[in-house]
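Just so it is clear, none of the values below were taken in a lab; they were calculated from the coordinates. It should be emphasised that the depicted structure is a prediction, and the values quoted were computed from it without experimental measurement. Cβ sites come from the backbone with ideal geometry, for glycine too, and all protein chains shown count toward neighbours.
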Amino acid sequence: MSFLSKIFGDANAKYIKSLQPVVDRISLLEPKFEKLSDEQLRAKTEEFRKLVANGQSLDTILPEAFAAVREAAKRTLNQRHFDVQLMGGIALHQGKIVEMKTGEGKTLVATLPVYLNALEGKSVHVVTVNDFLSRRDAIWMGQIYDALGISTGCINHAAGYVYDAGHTEKDKIRDEEGSFKIIHEFLRPVTRREAYAADITYGTNNEFGFDYLRDNMVYASEQMAQRGHNFVIVDEVDSILIDEARTPLIISAPDEDSTQLYNTFSRIVPGFIENEDYNLDEKLKAVSITEKGIEKVEKTLGVDNIYNEGDVRYVHHLEQALKSYVLFKKDRDYVIKGGEVIIVDEFTGRLMPGRRWSEGLHQAVEAKEGVKIQKESRTLATITFQNYFRLYKKISGMTGTARTSAEEFHKVFSLDVVEIPTNRPLVRNDMADRIYKNEEGKLKALVGEIREKHEKGQPVLVGTVSIEKNELLSAMLSREGVPHNLLNAKNHEKEAEIIAQAGKLGTVTIATNMAGRGVDIVLGGNPALSDEASKACEVGGLHVIGTERHEARRIDDQLRGRAGRQGDPGSSQFFVSTQDDVIRVFGGDRLHNIMNTLGVGDDDVIENKFISRAIEQAQSKIEGHNFDIRKYVLEYDDVMNKHREAVYKLRKEIISSSDVEDKVTDFVKEYIGNLVDFHTQGASYEWNIKEISESFKAMTGSDIHSELSDKAKANDREEVKSFIADKAVFLYEVKEKELGEEEMRKLERIVLIRTIDELWMNHIEAMEHLRDSVRLRAYGQRDPLVEYKIEGQKMFQQLMSSIGTQVANIIFKVSLMQQPQRVKAEERRPDIVQESHSHQQNINEPVHRPPTQTDESQENNKPKIGRNDPCWCGSKKKYKKCHGK
Ligand code: ADP
Ligand code: MG
């Protein structure tokens with residue numbers, strides 16, 4: 001153990017040391033488990049389950065359960081969990097972020113805590129970075145779970161599966177090539193609900209998140225796919241909780257009118273001149289339009305003041321159009337494919353079909369590229385990954401690179417990072433950066449270096465930051481006659497097969513940043529022939545070349561980590577030029593000048609510790625800045641999160657209860673109470689009985705004016721209320737007789753759900769606007785977040801009270817409404833959801849809530865609604881045109 005404490009921090013070493021006795025206990029159990037027959041091993045699961053059901057803690061069962069998993073892995077995969085892997089498994093069970101280097105076998109590590117926690121019978125989810133890996137892992141690890149009698153499900157973009165062991169003829173391929181090849185016969189297609197019903201479910205963060213949102217858009221609890229959020233292990237956790245956490249998940253529906261605006265502004269902004277019409281802050285990725293720019297637009301559009309014309313909307317469109325021109329580049333930030341703008345993930349270089357930039361940016365890019373502009377969308381549901389994952393009772397994660405983000409994991413998720421030592425010592429040689437004056441010199445040197453390694457027979461993996469660079473380098477290599485494979489983040493499955501062979505002698509593989517992530521590179525190829533493998537070792541193992549530094553050190557580490565897995569020989573080096581984006585933004589010009597002064601030629605290289613360190617400092621600055629952006633997104637989502645929780649809870653109550661009549665009639669009574677209170681202020685001769693009866697007629701279609709006038713003479717407000725309420729209840733019963741009880745119950749539920757959904761969507765939209773507008777207010781030296789919280793809270797209260805008002809006003813007219821279409825569970829993709837919600841538009845938006853106080857003294861001071869104010873009933877009409885008529 002002593003070498004450990006030298007390498008890792010004290011606290012970490014202490015923690016690792018504390019795991020050792022548990023590891024020893026698991027190993028001591030090994031002979032006992034080896035003696036069990038396959039059936040006896042499988043029967044262990046039932047035994048453990050009973051213990052758990054009888055109140056034994058998972059911690060007590062851990063050693064036995066881990067021993068069982070180790071044994072099952074030996075029998076199925078022919079792999080015995082290393083001791084360090086047991087340590088990783090314990091740490092995952094304890095809800096930590098586990099850093100284990102690439103190639104250390106994290107896929108296998110996860111089986112330990114997954115199995116242990118599955119014994120509770122609640123759901124265990126394992127998150128992978130793409131659909132391919134979720135299928136791979138479900139099949140690969142599914143064998144272990146199957147041997148233990150535990151079911152494995154898998155959810156993909158448009159499908160759900162469960163692991164099916166009944167295909168013995170393919171067993172050999174599955175076992176040998178299972179780390180990168182998927183044998184589809186081992187997956188049986190099922191509904192998403194069934195995939196979630198399995199003990200364990202593998203899937204991507206997107207799928208889990210979207211299913212959660214969609215589950216909160218269904219009309220009946222049988223349509224919900226997920227069965228709770230118990231324990232989740234996030235593989236490649238930094239990628240998911242950090243890199244992808246900047247954009248929230250959004251389900252949206254198209255909005256009709258803005259297409260024209262995008263085209264208009266897209267024609268105007270190309271004529272803009274930097275520092276005259278607009279300012280660009282590359283560091284902040286922000287543009288701002290100057291007075292002059294605004295004038296230009298006003299002249300072109302022939303309007304006096306664009307702020308007046310369409311208030312913030314015009315300016316917003318203008319800004320997005322400008323951004324699309326100056327900040328977003330084709331083949332770097334996005335590609336055009338099949339007439340669509342597809343986002344390229346800036347960290348992984350992967351294409352993200354289906355993902356759209358929000359707030360109209362995507363449409364602005366579409367306008368710029370002249371492709372069809374998708375209609376602006378209306379958000380139906382949205383959540384950040386941070387808040388999605390906080391739903392789980394326990395969360396843990398694993399990755400090869402967590403340490404540089406430990407602070408963020410701690411601050412945002414209260415998760416601690418633990419570093420597990422490698423099974424064998426790491427011998428990779430990470431060389432100092434090679435720095436060139438300009439890009440051309442760098443590329444030339446790169447090609448030379450790659451050729452040299454290739455001729456020597458050493459396998460080389462070259463990482464580029466974008467598809468554009470990737471193709472440029474590939475073209476140069478082709479010209480020079482260096483054979484190579486190109487990975488473009490286009491097809492994960494094919495990518496996996498290529499990357500799996502990247503360790504073969506003399507192979508050159510060019511890949512965007514993390515293409516093929518999650519797939520192991522075995523020296524000599526996979527499956528490896530032994531003399532090939534030893535030859536590959538002799539020439540130095542895999543050599544990794546980075547063609548540029550990335551914004552985050554973590555991503556660079558990730559690339560380096562491809563070499564030197566499991567004690568293999570290997571090396572890595574980055575090539576940098578002062579013209580690289582990362583360097584340029586942080587004083588690249590100065591560096592360039594210094595190099596000029598020193599007389600450094602275009603083809604000369606500098607390897608200088610001082611400069612390398614300066615680059616890392618620049619990276620750490622950008623990391624901090626990106627953390628701030630994510631924090632900002634999260635702080636705002638946290639406000640919405642409370643609202644979302646409350647609304648989803650209410651919704652869930654409704655869809656899972658068999659009878660919601662009371663809820664509806666309560667709303668009706670509450671509405672009547674508010675109506676009466678509002679119109680019976682002051683002395684009785686001031687009471688507005690006419691108004692009350694008109695509102696009642698509008699609600700129920702029944703005229704009670706003369707009866708009510710009589711009642712009112714007694715001057716008793718409560719009496720009036722209960723009279724009207726009785727009337728309403730009577731009419732409600734009449735309606736129920738007409739429709740039949742069953743139909744009425746159904747309609748109650750539909751009215752409730754639709755009203756909640758519609759108002760909730762409006763609320764989301766309103767909150768989006770609020771967020772934009774508080775940002776503008778920040779100039780007035782007020783903290784935008786505080787403003788957002790205060791006003792958001794008011795809007796939320798209004799939302800909750802509007803729900804009741806709306807329901808009361810709709811329920812009596814309910815037969816006019818169509819029933820919602822039934823949407824099949826596995827088809828609840830966002831686009832289908834859009835359709836099923838389009839018929840909801842007939843429900844009005846909330847505006848004012850009726851006053852609810854009954855305290856006499858307050859009532860007299862209460863401000864009266866002006867005739868031109870929006871009506872309190874939520875009709876969106878002016879008061880004088882509605883209840884004030
Ligand atoms: P990571 O996710 O940590 O990068 P993987 O889970 O992809 O690593 O595993 C890397 C390789 O190591 C795989 O080919 C896997 O089969 C192998 N491996 C993992 N654990 C063991 C073990 N205990 N014994 C033998 N091989 C193992
Ligand atoms: Mg992995």
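See the values below:
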read-out	value
Per-residue Cβ neighbour rank within 10 angstrom, fewest leading, Ile294, Ile803	Ile294, Ile803
Cα Rg, Dmax, the stretch 126-276, angstrom units	20.8, 70
Overall form of the stretch 56-99 per C-alpha gyration tensor (a/c, 1.5; a/b vs b/c)	oblate
Rounded D (µm²/s) - the chain, Kirkwood Rh over Cα pairs, Stokes-Einstein at 4 °C, 1.567 mPa s	42 µm²/s
Mean Cβ count within 10 Å, highest first, over the residues of peptides 448-454, 152-158	152-158, 448-454
Footprinting exposure proxy for Val807, Val303 (fewest neighbouring C-beta atoms within 10 Å first)	Val303, Val807
The stretch 514-644 - Debye-derived log10 I(q)/I(0), Cα point model, q = 0.11, 0.12, 0.19, 0.20 Å⁻¹	-0.60, -0.68, -1.07, -1.12
Assigned charges on the beta-carbon of Lys, Arg, Asp, Glu; the stretch 501-660 dipole about Cα centre (debye)	480 debye
The stretch 698-779: C-alpha gyration tensor shape, a/c 1.5 cut-off, then a/b vs b/c	oblate
Over the stretch 675-742: Rg over Rh, Cα atoms, Kirkwood Rh	1.04
Prolate/oblate/rounded call for the stretch 589-659, Cα gyration tensor, a/c under 1.5 rounded	prolate
Sequence of Asp580, Asp666 once ranked by neighbouring C-beta atoms within 10 Å, starting from the fewest	Asp666, Asp580
Placed amide H near Arg378: partners under 5 Å, 5+ positions off or other chain	Ala253, Asp255
DSSP bridge pairs, the chain: antiparallel proportion in percent, nearest 5	35 percent
Loop-located GluC sites (Glu not before Pro) in the stretch 166-261 whose Cβ has at most 14 other Cβ within 10 Å (DSSP)	Glu256
The stretch 1-113 - Rg over Rh from alpha carbon coordinates, Kirkwood radius	0.99
Gyration tensor over alpha-carbon atoms, the stretch 159-236, equivalent ellipsoid semi-axes in Å	28, 15, 10
Ordering of 527-538, 335-346, 691-702 by packing [mean C-beta count within 10 Å, highest first]	691-702, 335-346, 527-538
Residue-averaged [θ]222 nm for the chain, counting only DSSP H segments that reach four residues, each worth -39500 (n - 2.57)	-16500 deg cm²/dmol
Computed Rg/Rh of the stretch 331-445, alpha carbon atoms with Kirkwood Rh	1.09
Burial order of peptide ranges 436-447, 623-634 (average beta-carbon count within 10 Å, highest first)	436-447, 623-634
Total charge dipole magnitude, the chain, about the Cα centre, Cβ charges on Lys, Arg, Asp, Glu only, Debye to nearest 20	420 debye
Degrees, to the nearest 10: 205-215 long Cα axis against longest axis of the chain	20 degrees
Rounded tilt (10° steps) of 439-456 against the dominant C-alpha axis of the chain	50 degrees
